[in-house]
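The values are calculated or read from the model by the stated rules, or taken from the named source; none is laboratory data. For clarity, every value in this text was computed on a predicted model and none was experimentally measured. Reconstructed Cβ throughout: ideal geometry from the backbone, glycine too, with neighbour counts over all protein chains shown. Note: accessible area is taken over every heavy atom of the protein model, side chains too, but ligands, DNA and RNA are not part of it. Shrake-Rupley method; radii C 1.70, N 1.55, O 1.52, S 1.80 Å.
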Amino acid sequence: MTELRNIEMDLARFRTRVFVVSVAVVFCFLLVFARLVYLQVVRHDDLRAQAESNRTAILPIVPNRGLIQDRNGIVLASNYSAYTLEITPSKTPNLENTIDELSKILDVTTRDRRRFKKLMEETKSFGSLPIRTRLTDAEVARFAAQRFRFPGVEIRARLFRNYPYGELASHVIGYIGRINQTEKAQIEENDDQANYRGTEYIGKLGVEQAFESQLHGITGVERVETSAGGRAVRKLASTPSTPGNGLVLSIDIKLQKLVEDMFGDRRGALVAIDPRNGEVLAFVSKPTFDSNLFVDGIDQDNWQMLNESPDKPLLNRALRGTYPPGSTYKPLMAMAALNAGKRSPSTVIQDNLIYSFGGRNFGSPETDRPGPKDMRTAIVSSSNVYFYSLANEMGVDLIHDQLEPFGLGRRTGIDVEGEVTGDLPSTEWKRHKFKRPEQKKWFAGETISLGIGQGYNNFTMLQLATAYATIASGGLRFKPRLVQQIEDVVTHVRRRVSSEALEPLPLRPEDVQVIHNAMNGVTQEGTSRAVFVGAQYQSAGKTGTAQAVGLRAGEKYSDVKADERKRDHSLYVGFAPMDHPTVALALIVENAGWGSASAAPIARRVFDYLLLGQYPGVEDLAAVTKGMATVPIGKTRVAAEVPWPREDMKLAAAALAATAAASAPAPVRP
């Protein structure tokens, strides 16, 4: 049977198929053409940049960090370059195995492993982390020969911070450490990410932290051509980095060393200020720590040792340690009374060694002597009864209002971070300080102890030094500062940091003179006379002994029986010379007893150094070990008794032995 075909229908179907295929082909060509237009025209610049980036790499050039010097040009913080072995964890298939294999080529210690693990936990980034630092040329060569075995491991040249004097002035200088997440967020918030490309470290404490923007510098960039393997072939262009500016501190590092050596192993703080401009000459906190421990990332053992030590070496006692001022508060109380018109210098109070108030007796030390006392005699003899009665007459709020302008109970505004306010009590202060209603009320009996620097009074040595700098200058006030000059790294021009003068206190010259004369009497006939015998200058001072812990009713204090950390603190405040003061200081030696025994001798050394240029010499060493001190009178030296306890003499002798010099100031060496 013959099949009949509809040729017209077949042709129609064929034409339809050809048309569909033609449309599809044309559409595909249009897609290809559109894609070509998009790639060649629309995204031309972007793709060209990507292609260029595959051929080239942009590398940051980390700037040299600015130098830190003392006021005499001695370098306290510098930089050096060294090779570092670094691992990028995200590019390393088996991290533990890689480290094990590396240890067969290079010396990778257990300490290095712990530090690397700590950095991984803290950083939480995909960047490279150092496993070994400061590689020798031989170690670099050994690794380079077997580099192909270690993907994700490379050697880099890094800049390292160096603190040549280790523990000396570490609380002032601070240190640098790896940027943590909080600091990274702050950098991003300040829109400063570009300037920190390639930088993994930032200032953490002291002036390293406070002047980070000056010290860091400006990061440069370098464009290099790379091979398919990512190796740099040649440099195409570069913008050099700008090193950070230098800092010149106001402190004298030789004086700083002298004081730190005099403290020995004891805890405490000292601040010495120039009352004419607020420059800090010495800023001591003991014990201290080695800033170099933090440069590479501190290991767990050292961190635990510093963090868990009962001596708290990481605590900046000069800035953050608060203490009751003890009898060093009495001249300030007298100044407040004169300024408020509450008591005249000639007012006489009968001191019977007991002051009764509200059915309670407030006593005096056994060294006090009874008798009538005016203001000068009360300061010279450190009469408790005189100042008990004065505090009662003035009241807590008037005391607060008169002494707060001296810088007590508030931040002084020094140019480093972390300062605390301390406590200058008032009725309002107590309402905010405590939570329970019965604690918020101020009781009249609480005012009495304030007069002798006890009770709720708590201040830093920085606050006390600032207050006595104001008294020394007759009311002139400055914000204390540690940085004296900033040196431009390009022009080498030093810009002096301007002293921020505060509004002077309206102190009457005759009132200031009363306090000056009384404090001078302390060094001539009072509690520190033995320490200042034969001094070639006239100074003002006041010793203080402050309770470290409170005593129960009827309990008597005994420095022999008391635990070492529960013994009284030894304090001293003063300024010199009398006719034109150039230094005011405040210091505390924790748990060291009488102010005349431990604190005053350190103050004498500071004055001797600053006013006479004297550094402890070998002739002083022999005398100190015998409980004597030789002091210069004209061209000769005479021996004078120094009431130091036996343990203090041993510490002082050890300190002097470390810094002894025949006559000229001893050089400071790393």
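Which of the residues that make up the stretch 409-439 are among the basic types (K, R) and over 25 Å from R317 (Cα atoms)? Give the derivation first.
Within the stretch 409-439, the subset among the basic types (K, R) is 410-411, 430-431, 433, 435-436.
Residues satisfying the conditions are R431, K435, R436.
Where helices (runs of 4 or more DSSP H) fall wholly inside the stretch 420-474, the ranges with 1 or more residues that are among the aliphatic types (A, V, I, L, M) are 444-450, 461-472.
The numbered conditions (1) buried (at least 21 other Cβ atoms within 10 Å of the Cβ); (2) under 30 Å from P425 (Cα atoms) are all true for D311 except (1). Only one of the listed residues (L476, L464) is within 20 Å of R411 (Cα to Cα), crowded, with 17+ Cβ neighbours inside 10 Å and in contact with a strand residue (DSSP E or B) (Cβ under 6 Å, 6 or more places away or on another chain). That residue is L464. Condition first: part of a strand (DSSP E or B) and either crowded, with 23+ Cβ neighbours inside 10 Å or over 18 Å from the mean Cα position of the chain (by Cα) (or both). Can you find one or more residues in the stretch 252-269 that meet it? So far as the stretch 252-269 goes, yes, one or more of its residues are part of a strand (DSSP E or B) and either crowded, with 23+ Cβ neighbours inside 10 Å or over 18 Å from the mean Cα position of the chain (by Cα) (or both).
Filtering the stretch 451-461 to residues that are open to solvent by less than 10 Å² (accessible area, probe 1.4 Å) and hydrophobic (A, V, I, L, M, F, W, C) leaves F459, M461.
Take the residues in the stretch 170-185 that are part of a helix (DSSP H, G or I) and of a type in the set (A, V, I, L, M, F, W, C); name whichever of them is nearest to the chain's Cα centre (by Cα). Within the stretch 170-185, the match that is nearest to the chain's Cα centre (by Cα) is V172.
Among the residues of the stretch 377-386, is there at least one that is aromatic (F, W, Y), in contact with a helix residue (DSSP H, G or I) (Cβ under 7 Å, 6 or more places away or on another chain) and not in a helix (DSSP H, G or I)?
Of all residues in the stretch 377-386, those aromatic (F, W, Y) come to 386.
If we keep only those that are in contact with a helix residue (DSSP H, G or I) (Cβ under 7 Å, 6 or more places away or on another chain) as well, we get 386.
Of the ones still in play, those that are also not in a helix (DSSP H, G or I) are none.
The answer is no; no qualifying residue exists.
The criterion of at least 2 residues that are open to solvent by 30 Å² or more (accessible area, probe 1.4 Å) and closer than 25 Å to S170 by Cα is met by the following helices (runs of 4 or more DSSP H) wholly inside the stretch 66-149: 110-123. Within the stretch 430-439, the set of residues being within 34 Å of the chain's Cα centre (by Cα) and surrounded by 10 or more Cβ atoms within 10 Å (Cβ to Cβ) comprises K430, R431, K433, F434. Close Cβ contacts (under 9 Å, 6 or more residues apart or on different chains) running from residues in the stretch 178-189 that are without any contact (Cβ under 8 Å) to a residue 40 or more places away in the chain and closer than 19 Å to I298 by Cα to residues that are surrounded by 13 or more Cβ atoms within 10 Å (Cβ to Cβ) and of a type in the set (S, T, Y) comprise I179/T123; I179/Y196; I179/T199; I179/Y201. Among residues of the stretch 337-372 being under 19 Å from R529 (Cβ atoms) and under 43 Å from the mean Cα position of the chain (by Cα), the one that is surrounded by the most Cβ atoms within 10 Å (Cβ to Cβ) is D368.
Taking the criterion of being surrounded by fewer than 24 Cβ atoms within 10 Å (Cβ to Cβ) and hydrophobic (A, V, I, L, M, F, W, C), the residues of the stretch 282-293 that qualify are F289, L293. For the residues F211, F160, the requirement of being of a type in the set (F, W, Y) and touching a Phe, Trp or Tyr at 6+ places or on another chain (Cβ under 6 Å) singles out F160. What tally of residues in the stretch 465-514 results from selecting those that are without any contact (Cβ under 8 Å) to a residue 12 or more places away in the chain and hydroxyl-bearing (S, T, Y)? Residues meeting the conditions: 2. Residues in the stretch 164-184 that are among the aliphatic types (A, V, I, L, M) and at pLDDT 85 or above were compared, and the one that is farthest from E417 (Cα to Cα) is L168.
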